[in-house]
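First up is the structure itself, then whatever we jot down about it.
Where a number appears in this text, it was derived from the coordinates with a stated rule and is not lab data. Just so you know, these numbers come straight off a predicted model, no measurement behind them. Cβ placement follows ideal geometry from the backbone for every residue including glycine, while neighbour counts extend to all protein chains displayed.
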Amino acid sequence: VSFGNPYLLKNFPEFKTFVVSYGDMTSLQRATVRAVLGEIDFKGKLPITISPEYPRGTGLNILPKALSAPKPPYPPLARFKKAAGDVRVEVSVDENGKVVESKVLDGNELLREVAGEWARQWKFEKPNKPETVKLVLTFRFLLKPTQEDFRMTFSPPYTVNVFNDF
């Protein structure tokens, strides 16, 4: 977060996300905190170029929320072989919020197919722009879940915990 001079962000090329509030007034600080907490939307575009990746005019690309996120079953062979871990699936969401394509990026071979199939069943809010949006879904297959694992996120990052029910 930069309060004041946005050119300071050039000194931190390892940062992939910036929040720029052009001033150090209390009202701007409060608004920034409210936006980070999700109470209000981020708005605006960069009036300057911070780096080649973030040229003048760059703004926040707000990803759609999941409306329906069905969990896949734990594959029997994966359960038998005690396969667990994350499977990341890239999906393309059309202008109506429907997943039109899925591509498994990584994960255990015994879990990849079911994650890819179930990712295509997700439904999202209509994206902000009338174009196809790419998102990454993470299916976390757990053999022994903890209490914290029972959470599910319907907004980025999209993570679904899949439990071994036996």
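Some values worked out for this structure:
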item	result
Proximal charge balance of Phe3 [Cβ under 13 Å; K/R count +1, D/E count -1]	0
Estimated distance in nm for a label pair at Asp94 and Glu131, the labels positioned 7 Å out from Cα along Cα-to-Cβ	1.8
GluC sites (Glu not before Pro) lying in DSSP loop within segment 78-133, provided at most 16 other Cβ fall within 10 Å	Glu95, Glu125, Glu131
Nitroxide proxy distance, nm - points 7 Å out along Cα→Cβ at Asp86 and Lys45	3.3
Ratio of the Cα radius of gyration of segment 30-124 to 2.2 N^0.38 Å, where N counts its residues	1.49
Length added when fully stretched, Leu8-Leu77, from 0.36 nm per residue minus Cα-Cα	19.6 nm
Extended-chain gain in nm, criterion 0.36 nm per residue less alpha-carbon gap, Lys65 and Lys103	11.7 nm
